[in-house]
Ligand SMILES: [Mn+2]
């Protein structure tokens, strides 16, 4: 197993450098990615609780509003939508910590420029991370940033509050697909076991996460399920129009995990969920077996992990879907060809 990051330092060296910055900084400015998910929010909430317990001035936020489904996170109430990290770093000093964010585009504008003047710690598990921090800790083998932050705190030998443990557990359980995705390792389970020993109640988190659905979002998912199609016998595809959100009264954030349902179709090893946005279509892609979701995302200028990726297709929804289906047919033809 490699312990080197892209800059050639071992994880222990990077973790020590992260700890030095966090210990020395009077203020922590924690940043989550666009369309925030359970990993970025759970890890962010966890670090917020830790910083507060250490007497730091802590701020956290991101580009987008806080999604309703995660209001239960201990520090949800302190999240600042549209946070201005530049203004905070100038005013408070300290360091910024960017979580689960592979590209500058997915963070707040100007973050890369800030890293020339201030400590900006980039913690991520996407292999295609653009290393835009002043310190970059990238571990593509980790199931989640939650797992990485857990290992950081274990290495640090810091005691931390239950709120931190709950945030980390939420991050890990959501980003590992309840410990089922291929990125789930022994360390993922060790992290979870340790968090349980610190008082996390898994059934409580599960109940907050899943039994937390709004009726409009159930109607929204129904529309997507009704349209679902199978292409080239291996791909499940569905989509939502902007009007579906308006007509059902759902928020854009209420589609997290929808794409995973397509992968439960018998014989299906690739899933694509398309959402019409103002000027493009946002595609969430999932895969298993020999299909690479990230390769398909890259064909449209996107990125992500082997089995979970995304991209933006600058076309009307129908054309975006047709273009994707054509690509899937080509992939299917290549797979069907006898190997030699
Ligand atoms: Mn993640």
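The values are calculated or read from the model by the stated rules, or taken from the named source; none is laboratory data. Quantities reported herein were computed from a predicted structural model and do not represent experimental measurements. Note that each Cβ is placed from the backbone with ideal geometry, even for glycine, and that neighbours are counted across all protein chains shown.
Of the numbered criteria (1) out of contact with any strand residue (DSSP E or B) (no Cβ under 9 Å at 6 or more places or on another chain); (2) under 13 Å from residue 303 (Cβ atoms), the one residue 103 fails is (1). Can residue 312 be described as in contact with a strand residue (DSSP E or B) (Cβ under 8 Å, 6 or more places away or on another chain) and in contact (Cβ under 8 Å) with a residue 40 or more places away in the chain? Judged against the criteria, residue 312 is not a match. Of everything in the range 191-203 that is under 14 Å from residue 42 (Cβ atoms) and away from the ligand (no atom under 16 Å from the Cβ), the residue that is surrounded by the most Cβ atoms within 10 Å (Cβ to Cβ) is 195. For the range 85-104, the set of residues classified as in contact (Cβ under 8 Å) with a residue 12 or more places away in the chain and in a helix (DSSP H, G or I) consists of 85, 86, 88, 89, 92, 104, listed by residue number.
To keep it simple, each residue is scored yes or no on (1) in contact (Cβ under 8 Å) with a residue 24 or more places away in the chain; (2) under 27 Å from the mean Cα position of the chain (by Cα); (3) loosely packed, with under 15 Cβ neighbours inside 10 Å; (4) not in a loop (DSSP other than H, G, I, E, B).
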| position | (1), (2), (3), (4) |
| --- | --- |
| 297 | no, yes, no, yes |
| 321 | yes, yes, no, yes |
| 328 | yes, yes, no, yes |
| 333 | no, no, yes, yes |
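One residue alone among 337, 251, 235 is touching a residue at least 40 places away in the same chain (Cβ under 8 Å) and out of contact with any strand residue (DSSP E or B) (no Cβ under 9 Å at 6 or more places or on another chain), and that residue is 251. Report yes if residue 174 is assigned to a loop (DSSP other than H, G, I, E, B), within 16 Å of the ligand (Cβ to nearest atom) and within 14 Å of the chain's Cα centre (by Cα), otherwise no. When the stated conditions are applied, residue 174 does not pass them. Every test in (1) touching a residue at least 24 places away in the same chain (Cβ under 8 Å); (2) in a helix (DSSP H, G or I); (3) more than 15 Å from residue 69 (Cβ to Cβ) is passed by residue 203 save one, and that test is (1). Within the range 5-15, does at least one residue satisfy the condition of being within 16 Å of the ligand (Cβ to nearest atom), surrounded by 19 or more Cβ atoms within 10 Å (Cβ to Cβ) and assigned by TED's automatic domain parsing to the domain that holds residue 105? Looking for residues that are within 16 Å of the ligand (Cβ to nearest atom), surrounded by 19 or more Cβ atoms within 10 Å (Cβ to Cβ) and assigned by TED's automatic domain parsing to the domain that holds residue 105, one finds none in the range 5-15, hence no. Screening 174, 188, 184 for residues that are crowded, with 18+ Cβ neighbours inside 10 Å, in the same structural domain as residue 124 (by TED's automatic domain parsing) and in contact (Cβ under 8 Å) with a residue 60 or more places away in the chain leaves exactly one candidate, 174. Out of 167, 133, 127, one residue alone is touching a strand residue (DSSP E or B) at 6+ places or on another chain (Cβ under 8 Å), outside any strand (DSSP E or B), within 14 Å of the ligand (Cβ to nearest atom) and assigned by TED's automatic domain parsing to the domain that holds residue 25. It is 127. Residue 183 meets each of the listed conditions (1) at pLDDT 95 or above; (2) within 14 Å of the ligand (Cβ to nearest atom) apart from (1). In summary, residue 215 fulfils each of the numbered conditions (1) modelled with pLDDT of 95 or more; (2) surrounded by 18 or more Cβ atoms within 10 Å (Cβ to Cβ) with the single exception of condition (2).
Scanning the range 136-147 for residues that are outside any strand (DSSP E or B) and either away from the ligand (no atom under 12 Å from the Cβ) or out of contact with any strand residue (DSSP E or B) (no Cβ under 6 Å at 6 or more places or on another chain) (or both) returns 139, 140, 141, 142, 143, 144, 146, 147. Given the structure, is residue 56 surrounded by fewer than 21 Cβ atoms within 10 Å (Cβ to Cβ), closer than 30 Å to residue 208 by Cβ and within 16 Å of the ligand (Cβ to nearest atom)? Considered against the rule, which asks whether it is surrounded by fewer than 21 Cβ atoms within 10 Å (Cβ to Cβ), closer than 30 Å to residue 208 by Cβ and within 16 Å of the ligand (Cβ to nearest atom), residue 56 comes out as no. Looking across the range 99-124 at every residue that is within 12 Å of the ligand (Cβ to nearest atom), over 17 Å from residue 9 (Cβ atoms) and modelled with pLDDT of 95 or more, the one that is surrounded by the fewest Cβ atoms within 10 Å (Cβ to Cβ) is identified as 101. Here is a check on your reading of the model: is residue 47 within 16 Å of the ligand (Cβ to nearest atom), touching a helix residue (DSSP H, G or I) at 6+ places or on another chain (Cβ under 7 Å) and in a loop (DSSP other than H, G, I, E, B)? Judged against the criteria, residue 47 is not a match.
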